[in-house]
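What follows is a set of notes on a single structure, which appears directly below.
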Amino acid sequence: MAQLISLMIDDKPVKVPEGTLIVNAAKKVGIDIPVFCYHPKMEPVGMCRMCLVEIGRPQIDRETRKPVLDEQGNPVIQFGPKLETACTTPVSEGMVVMGMSDKVKKGRQDILEFLLTSHPLDCPICDKGGECPLQNLTMEHGPGVSRFLYDEKMHLAKHYPLGDLILLDRERCIQCGRCVRFQDEIVGEPVIGFEQRGRSLQIETFSDPGFDSYYSGNTTDICPVGALTTTDFRFGARPWELKPVASVCSQCPVGCNITYNIRREARAGGRYVIKRVLPRQHEEVNEIWICDKARFAGYQYAESPERLTRPMLRRNGELVESSWDEALQVVAERFKAATGGLVTYAGGRLSNEDLFNLKQLTEGLKGQAILKSSIGGGVLVAQMGVAKGTDLGKLGAGDAILVIASDLQEEAPIWWLRVKQAADRGATLIVVNPRQTRLDRFATHTLRYDYGSETATVLAMINALESKKTRLPDWLAKYRPNRFQTAAAKAFAGAKNGIILFGQEGMDLPRSQELALACANLLFLTDHLGSPNNGLIGVWESANTQGAWDMGFRPSTELKEMFSSARAVYVVAADPAGDDPSLADALEQSEFVVVQELFLTSTARLADVVLPVTAQPEREGTYTTGERRVQRFFPAIPAPGGVIPDYEIAARIGERSGLKMENRAASLVFAQLAARVSDYEGLSYRSLAETHEQWPIIGRDDLYYGGTAYENTQGLGVQLMPSSQKRKIFQVNWQEPPVRVSGKGLLGVPITRLYDRGATVTPSRSLASRVPGPFILVNETTAQKLDMHNDAPVQLMLAGSAYSAMLRVDTAVPESVVLVPRSLGIPLSELQPVDIRVAETTPA
């Protein structure tokens, strides 16, 4: 623990750890020192000078090196002749800080007068009006009039696009540098920066496309003026018209805490609509950041005119609208008749309450509950996942993080950000992947392997340790480590804390299950289980995949056989027919298909019954993150008439089938869930809503300090204990991976891209230009052998079928490998031989 330093700030005694900056010390005792350039998440630079204060320090006797005392025995305080910046000056013992003296007031007034010399007088139409630090501080500290000539104001671009998501008003910019430093320090992607000098200094983008970052929207949150705005909110509403509603992002397993800003709108017929998405502080999950997918795709799908709002039944070969009573009665009768032959296929975007009721219904009818997922290991994560109390933000020197088979920035951007920052703090980062990713730049150890050899790589690392904790199987000896694997293994074993994140790069379900088991064994052998900041994390493809595992759903490799032989198939929040044409054929062979969805998907078009559901922003419920933190979200906007939550639909079907199920409220379903699912025992909506003070102190009262992110007053959730933490009992299972023979020719490899054509992303107007059409990635050498060039239209031959795509050349791709992004129209779900041919037309 750092030594505590005692000082006085505006006559208030303060005790803070050594090294604390004055501005932060003041914040801890409720004193707000105004800032523009300073942000508690970034290094101080002292650019704006708004935080000037008077600082007095004890006078030191040069001979004794002790403080000089006055007649009353108190230290003599000696103030400097000039004001000093509170954001760059650390506290010292006996220091006296004055933040409200006449000298300080005059200094702040002068700074504001300088800042306003060329600032436009457009507060009435500025998007930042009502939550603008410059406006607020000018009212509190600024001059009533300006001595500078109006005609000398600089006139610059008012609508300058830094990118397709962020707009810059150059007249409003005060050159605080927050946006530039965020991209450089926090993200490590300096795609924007300063150019010119003096009064001509301005922000410019240096990337193509402009402002090419998954985190660009955060710069608008921390901008202290109205210079940076998002395209979806610019001129859309005034901040004081907006009502905040707490929620949780539904786009990936991180579980970022967010706030929807809503208001009634005439264009929507007087209905409440979501105007923007802002971060909600949770220092153990997303801090105060969110990615652009959460910000721009997390709600627009709910407002899509393509939403289903009435149940539909198939009559005479056509889907026609029906009443809820009729549709539910038909489903219940067919499900009951199919007892023992029901297959429920559910996606990971469903809430825990939905999944629990679906599981109860399926079990009651003796069916099978199948999870839409190509990643295995959910049971292992429940047993050997990160322990309660884990916080990636606390990892640093002496700790280790291993990321394997995951392009983490594409699969879970905020985890990427937090892992990168842990490496910045000194943590040993081990990146294991067949190709280069953006995380490699921050890695201590980078290991490469051939696609299909991910488990073998982990087994080689285990073999390098010569562990004495347990007897290793004889077959493990053939996995001989090279010197790079040995160095990485020893670095991981020697760390105080160790976390492994495993993904699905180039893997199907069996391969990922093998990898998860090997990673769990590595954690066991290195004593990285059962305590905070140690354990296994699955980089799942959906927000609540881990919750689905916890509720008893399991993925399957036999979907075609299960669908084709099922007497009834119940598809919820999934589109198997759209994912794979062979699954569409299998569904057509099923006796009865029910689809529960937001949109008329490819699977819904094949269904006998289609049931419309509420969207996540329209309801309440809970998600379980990849770190197994259960978090609650709240309804933000009313659902359109005619739709029902998934848990209620399942319960109504169950009741009509003779089962007793809860359908009145999500909170009541959660109470049943907590009583029956052992890991969730003792949880309630009330416990999930509990909060505690977080640092830095973020709030809407002083927007200049932390930005427009919301304070978390609605709940921090509860992190579950894995079995390894509860019982401290570890069971090691060994499974030798099958021998895989690599063939000749091109190898198709499925990968994940952040912007895909998922059901909740495609309707986003803001991300329309960012969501690509089908494309594939090859190495330059591979492209030359094929006599093809970058951006060439091609035909990808896969299992006898041809798929149109654009060919992109990427030096990070291994030779003879074809990377195929998932969810963009090409149904590749495992390593598979492919061929590429020249296409005559450009794919849409």
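The values are calculated or read from the model by the stated rules, or taken from the named source; none is laboratory data. Keep in mind it's a predicted model, so treat the numbers as computed, not measured. Note that we place each Cβ from the backbone using ideal geometry, even for glycine, and neighbour counts take in every protein chain shown. Surface areas here come from the heavy atoms of the whole protein model, side chains and all, with no ligands, DNA or RNA. Shrake-Rupley method; radii C 1.70, N 1.55, O 1.52, S 1.80 Å.
With a cut-off of at least 1 residues that are of a type in the set (S, T, N, Q), name the strands (runs of 3 or more DSSP E) lying wholly within segment 353-443.
Correct list: 368-371, 428-432.
Output yes when any residue across segment 86-100 is touching a Phe, Trp or Tyr at 6+ places or on another chain (Cβ under 6 Å), assigned by TED's automatic domain parsing to the domain that holds Met8 and surrounded by 14 or more Cβ atoms within 10 Å (Cβ to Cβ), and no when none is.
Yes, because at least one residue in segment 86-100 is touching a Phe, Trp or Tyr at 6+ places or on another chain (Cβ under 6 Å), assigned by TED's automatic domain parsing to the domain that holds Met8 and surrounded by 14 or more Cβ atoms within 10 Å (Cβ to Cβ).
What pairs come up if the first residue lies in segment 78-104 and is at negative phi, the second is of a type in the set (Lys, Arg) and not in a strand (DSSP E or B), and their beta carbons are under 9 Å apart, counting only those six or more places apart or on different chains?
From segment 78-104, the pairs are Leu83/Arg49; Leu83/Lys103; Thr85/Arg49.
Applying the selection to segment 320-348, what residues are more than 11 Å from Phe592 (Cα to Cα), within 37 Å of the chain's Cα centre (by Cα) and of a type in the set (Val, Ile, Thr)?
The answer is Thr344, and nothing else.
Just to verify a result, which residue in segment 642-664, among those that are charged (D, E, K, R) and open to solvent by 30 Å² or more (accessible area, probe 1.4 Å), is nearest to Trp324 (Cα to Cα)? Spell out the reasoning first.
Initial filter on segment 642-664 (charged (D, E, K, R)): 646, 648, 652, 655-656, 660, 662, 664.
Now drop any that are not open to solvent by 30 Å² or more (accessible area, probe 1.4 Å), which leaves 648, 652, 655-656, 660, 664.
Numbers: Glu648: 12, Arg652: 10, Glu655: 14, Arg656: 13, Lys660: 19, Arg664: 16 Å.
Of everything passing the filter in segment 642-664, Arg652 is nearest to Trp324 (Cα to Cα).
Has segment 239-256 got any residue that is closer than 18 Å to Pro161 by Cβ and either open to solvent by less than 30 Å² (accessible area, probe 1.4 Å) or modelled with pLDDT of 95 or more (or both)? Steps first, please.
Of the residues in segment 239-256, the ones closer than 18 Å to Pro161 by Cβ are none.
So far as segment 239-256 goes, no, none of its residues is closer than 18 Å to Pro161 by Cβ and either open to solvent by less than 30 Å² (accessible area, probe 1.4 Å) or modelled with pLDDT of 95 or more (or both).
For Thr362, are the conditions met, namely being at pLDDT 95 or above and under 14 Å from Gly498 (Cα atoms)?
No; evaluated as a whole, the condition is false for this residue.
Kindly evaluate Ala574 against the criterion of being aliphatic (A, V, I, L, M) and either part of a helix (DSSP H, G or I) or open to solvent by 10 Å² or more (accessible area, probe 1.4 Å) (or both).
no
Out of segment 257-301, which residues are crowded, with 24+ Cβ neighbours inside 10 Å, touching a helix residue (DSSP H, G or I) at 6+ places or on another chain (Cβ under 9 Å) and at pLDDT below 95?
Of everything in segment 257-301, those that are crowded, with 24+ Cβ neighbours inside 10 Å, touching a helix residue (DSSP H, G or I) at 6+ places or on another chain (Cβ under 9 Å) and at pLDDT below 95 turn out to be Gly298, Tyr299.
Among the strands (runs of 3 or more DSSP E) lying completely within segment 220-336, list those that include at least 3 residues that are closer than 25 Å to Tyr570 by Cβ.
In segment 220-336, 312-315, 318-321 are the strands (runs of 3 or more DSSP E) which contain 3 or more residues that are closer than 25 Å to Tyr570 by Cβ.
Right, Leu350: in the same structural domain as Pro612 (by TED's automatic domain parsing) and in a helix (DSSP H, G or I) or not?
No, not satisfied.
Residue pairs, Cβ under 6 Å, 6 or more apart or interchain, first in segment 133-154 and under 18 Å from Glu171 (Cα atoms), second hydrophobic (A, V, I, L, M, F, W, C). List them.
Between residues of segment 133-154 that are under 18 Å from Glu171 (Cα atoms) and residues that are hydrophobic (A, V, I, L, M, F, W, C), the close pairs are Pro133/Leu703; Leu134/Val225; Gln135/Cys123; Thr138/Leu112.
Considering Asp608, Asp580, which residue is surrounded by fewer than 23 Cβ atoms within 10 Å (Cβ to Cβ), modelled with pLDDT of 95 or more and in the same structural domain as Arg652 (by TED's automatic domain parsing)?
Numbers: Asp580 fails: modelled with pLDDT of 95 or more.
After ruling out the rest, the residue left standing is Asp608.
Restricting the search to segment 820-844, which residues are open to solvent by less than 20 Å² (accessible area, probe 1.4 Å) and within 32 Å of the chain's Cα centre (by Cα)?
Val820, Pro821, Leu824, Ile826, Leu828
Could you grab me the full set of residues in segment 273-307 that are under 24 Å from Leu611 (Cα atoms) and either touching a Ser or Thr at 6+ places or on another chain (Cβ under 6 Å) or of a type outside the set (Asp, Glu) (or both)?
As a first pass, look at segment 273-307 and keep what is under 24 Å from Leu611 (Cα atoms): 273, 297-307.
Those that are under 24 Å from Leu611 (Cα atoms) and either touching a Ser or Thr at 6+ places or on another chain (Cβ under 6 Å) or of a type outside the set (Asp, Glu) (or both): Val273, Ala297, Gly298, Tyr299, Gln300, Tyr301, Ala302, Ser304, Pro305, Arg307.
Specify which of the listed residues (Lys469, Lys490) is in contact with a helix residue (DSSP H, G or I) (Cβ under 9 Å, 6 or more places away or on another chain), open to solvent by 20 Å² or more (accessible area, probe 1.4 Å) and either over 19 Å from Leu402 (Cα atoms) or assigned by TED's automatic domain parsing to the domain that holds Leu559 (or both).
Only one candidate qualifies: Lys469.
List pairs: first in segment 746-764 and touching a residue at least 12 places away in the same chain (Cβ under 8 Å) and not assigned by TED's automatic domain parsing to the domain that holds Ser512, second of a type in the set (Lys, Arg) and assigned to a loop (DSSP other than H, G, I, E, B), Cβ under 6 Å, 6+ apart or cross-chain?
Taking only residues 6 or more apart or on different chains, the pairs are Pro750/Arg822; Thr752/Arg822; Tyr755/Arg770.
For the structure I just gave you, tell me whether Pro209 is assigned to a loop (DSSP other than H, G, I, E, B), at pLDDT 95 or above and open to solvent by 10 Å² or more (accessible area, probe 1.4 Å).
The answer is no for Pro209.
Look at Gly506 and say whether it is in a loop (DSSP other than H, G, I, E, B), open to solvent by less than 20 Å² (accessible area, probe 1.4 Å) and out of contact with any strand residue (DSSP E or B) (no Cβ under 6 Å at 6 or more places or on another chain).
No; evaluated as a whole, the condition is false for this residue.
Looking at the structure I just gave you, is Ala397 at pLDDT 95 or above and surrounded by fewer than 24 Cβ atoms within 10 Å (Cβ to Cβ)? Working first, answer last.
On the way: at pLDDT 95 or above: yes; surrounded by fewer than 24 Cβ atoms within 10 Å (Cβ to Cβ): yes.
So Ala397 fits the description; yes.
Go through (1) polar (S, T, N, Q); (2) more than 27 Å from Asp424 (Cα to Cα); (3) surrounded by 14 or more Cβ atoms within 10 Å (Cβ to Cβ) for Thr64 and report which single condition fails.
Tallying (1) polar (S, T, N, Q); (2) more than 27 Å from Asp424 (Cα to Cα); (3) surrounded by 14 or more Cβ atoms within 10 Å (Cβ to Cβ), Thr64 fails exactly one: (3).
Name the residues in segment 163-187 that are over 25 Å from Pro34 (Cα atoms) and at pLDDT 95 or above, would you? Steps first, please.
The initial filter retains those residues of segment 163-187 that are over 25 Å from Pro34 (Cα atoms), namely 163-167, 187.
Selection gives Leu165, Ile166, Leu167, Val187.
For the condition out of contact with any His (no Cβ under 9 Å at 6 or more places or on another chain), farther than 30 Å from Phe206 by Cα and assigned to a loop (DSSP other than H, G, I, E, B), what is the one hit in Val145, Val97?
Val145
Do you know which residues across segment 340-364 are buried (at least 24 other Cβ atoms within 10 Å of the Cβ) and among the aliphatic types (A, V, I, L, M)?
Residues satisfying the conditions are Leu342, Ala346, Leu350, Leu355, Leu358, Leu361.
Just to be sure, is Ile649 out of contact with any Ser or Thr (no Cβ under 9 Å at 6 or more places or on another chain), within 27 Å of Arg264 (Cα to Cα) and in the same structural domain as Leu365 (by TED's automatic domain parsing)?
Against the criterion (out of contact with any Ser or Thr (no Cβ under 9 Å at 6 or more places or on another chain), within 27 Å of Arg264 (Cα to Cα) and in the same structural domain as Leu365 (by TED's automatic domain parsing)), Ile649 does not qualify.
For the subset of segment 681-721 comprising residues that are surrounded by fewer than 21 Cβ atoms within 10 Å (Cβ to Cβ) and of a type in the set (Gly, Ala, Ser), which member is farthest from Met42 (Cα to Cα)?
That would be Gly682.
Kindly list the number of the only condition in (1) under 30 Å from Tyr755 (Cβ atoms); (2) polar (S, T, N, Q); (3) modelled with pLDDT of 95 or more; (4) surrounded by fewer than 24 Cβ atoms within 10 Å (Cβ to Cβ) that fails for Thr455.
Only one criterion in (1) under 30 Å from Tyr755 (Cβ atoms); (2) polar (S, T, N, Q); (3) modelled with pLDDT of 95 or more; (4) surrounded by fewer than 24 Cβ atoms within 10 Å (Cβ to Cβ) is unmet by Thr455, namely (4).
Yes or no: segment 584-603 includes at least one residue that is closer than 25 Å to Leu395 by Cβ, outside the structural domain of Ala802 (by TED's automatic domain parsing) and acidic (Asp, Glu).
no
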